[in-house]
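Every number here is computed from the coordinates shown, using simple stated rules; none is lab data. Nothing here was measured: the structure is a model prediction, and the numbers come from that model. Neighbour counts are summed over all protein chains in view; Cβ atoms, including those assigned to glycine, are modelled from backbone coordinates with ideal geometry.
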């Protein structure tokens, strides 16, 4: 029986892309992995978001030393900055989501992050990336020393809630929607000025906003006289997220750096028109179904949005069908099959 350990520690933050990815990955692998595999999961304390299929590896200091030194046939780090590592000589997969620090950091911080990625790549047996864009970033900035990078797209899934109802702050209102962690790269402030050009619309932005960038946005909303136009709702439940995607006029995602862009596909799965930036992986993931901001001038942005909405109005059925078909490329069943195939190949060759 093959013993496989997986690092699900990022489940501790379910309001982040890595938290959502780790949780969905754990569920999909538990469902589809061969019965003869013995699965172990590194999980944060008191986490309930882990399938019973996994034997838990707790994350206190002693377990980092002693549990991780046990023999495993395969070890998978689900992101590029793991805190837990396998015993030397264990076949080790490192999944890299992005090198966003290349644009977010400067000087010594940037060098320190890059050195850490280099070290983690050196210590891994196999490297996977979640998009071709991330793969190209790795190849351009990391010495792979002959290792290949395998691209396996993320799976994306939004839970369905047929009994969902509008949140109190939105009853009867038309709105644009956005979601994400509140940091500078998300670029939410780029949406503010264009709201003056949509008199009948609100802008709802979900996500943990108790950050320095969140404070900056709150001040900016007041300064620009947008307190009646922009609603920062904080983190939302899966049920409210479903409703917000399902009923928005459009999903706006002006991010400047993404290794994948989960919200883009989540929105498409639920039929929301997507207008995003043309930065990072977003054109790769959004394809010809999304529309793109190529200029941060508010009038240009408003024009892109309006042209998208006018086009959809001509044939809304075709739009919904194209969105659904595009989003199907990123199902969790397809994604986890890619990882299972990789696991099988590595286990058979070890």
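Mean separation of Cα pairs under 8 Å and 6+ residues apart, divided by the residue count of the stretch 168-328: what relative contact order is that in percent? Show your work: numbers first, answer last.
Working: 253 pairs, mean separation 35.0, N = 161.
Rounded, it is 22 percent for the stretch 168-328.
With only alpha-carbon atoms in the gyration tensor, what are the semi-axes of the equivalent ellipsoid for the stretch 1-152, in Å, largest first? Don't skip to the end; give the middle numbers.
Working: eigenvalues 131, 57, 50 Å².
Three semi-axes, in Å: 26, 17, 16.
Apply 1/(1 + (r/R0)^6) to the Cβ-Cβ distance of residue 219 and residue 171, taking R0 = 22 Å, and write down the FRET efficiency to the nearest 0.05. Walk me through the numbers before you get to the answer.
Values: r = 28 Å, r/R0 = 1.25.
In this case the efficiency is close to 0.20.
Measure nothing but the geometry: give the 0 to 90° angle between the long axis through the Cα atoms of 316-328 and the longest principal axis through the Cα atoms of the chain, rounded to 10°.
Helix 316-328 sits roughly 20 degrees off the main axis of the chain.
Using Cα springs under 10 Å in a Gaussian network model of the chain, which residue among 74, 309, 191 shows the largest mean-square fluctuation?
309
Could you work out which residue, out of 205, 305, 221, moves most in a Gaussian network model of the chain, that is, has the largest mean-square fluctuation with Cα springs under 10 Å?
Of 205, 305, 221, the Gaussian network model singles out 221 as fluctuating most.
Evaluate E = 1/(1 + (r/R0)^6) for residue 70 and residue 337, where r is the Cβ-Cβ distance and R0 equals 35 Å; express this FRET efficiency to the nearest 0.05. Before the final figure, lay out the partial values.
Numbers: r = 28 Å, r/R0 = 0.80.
With R0 = 35 Å, the Cβ-Cβ based efficiency is 0.80.
Round to the nearest 0.05 the FRET efficiency obtained for residue 309 and residue 115 when R0 = 41 Å and r is the Cβ-Cβ distance. Present the calculation step by step, with values, prior to reporting the outcome.
Numbers: r = 46 Å, r/R0 = 1.12.
E(calc), rounded to 0.05, equals 0.35.
Take the Cα pairs of the chain, get the Kirkwood Rh, then feed it into Stokes-Einstein at 10 °C and 1.306 mPa s and tell me D in µm²/s. Walk me through the intermediate numbers first.
Details: Rh = 21.5 Å.
My calculation gives 74 µm²/s for D.
Specify the inter-centroid distance of the stretch 163-198 and the stretch 95-132, based on alpha-carbon positions, in whole Å.
31 Å
What ranking do 103-112, 254-263 get when scored by the average of other Cβ atoms within 10 Å per residue, highest first?
Values: 103-112: 12.0, 254-263: 24.3.
Ranking the peptides 103-112, 254-263 by packing returns 254-263, 103-112.
How many angstrom lie between the C-alpha centres of the stretch 219-256 and the stretch 19-48?
Here the answer is 31 Å between Cα centres.
What three numbers, in Å, describe the spread of the alpha carbons of the stretch 168-328 along their principal axes, ordered from the longest?
Here the Cα extents, ordered largest to smallest, are 40, 34, 34 Å.
Would you please put 38-44, 312-318 in order of how densely packed they are, using the mean number of other Cβ atoms within 10 angstrom per residue and starting with the highest?
Ranked by mean Cβ neighbours within 10 Å, highest first: 38-44, 312-318.
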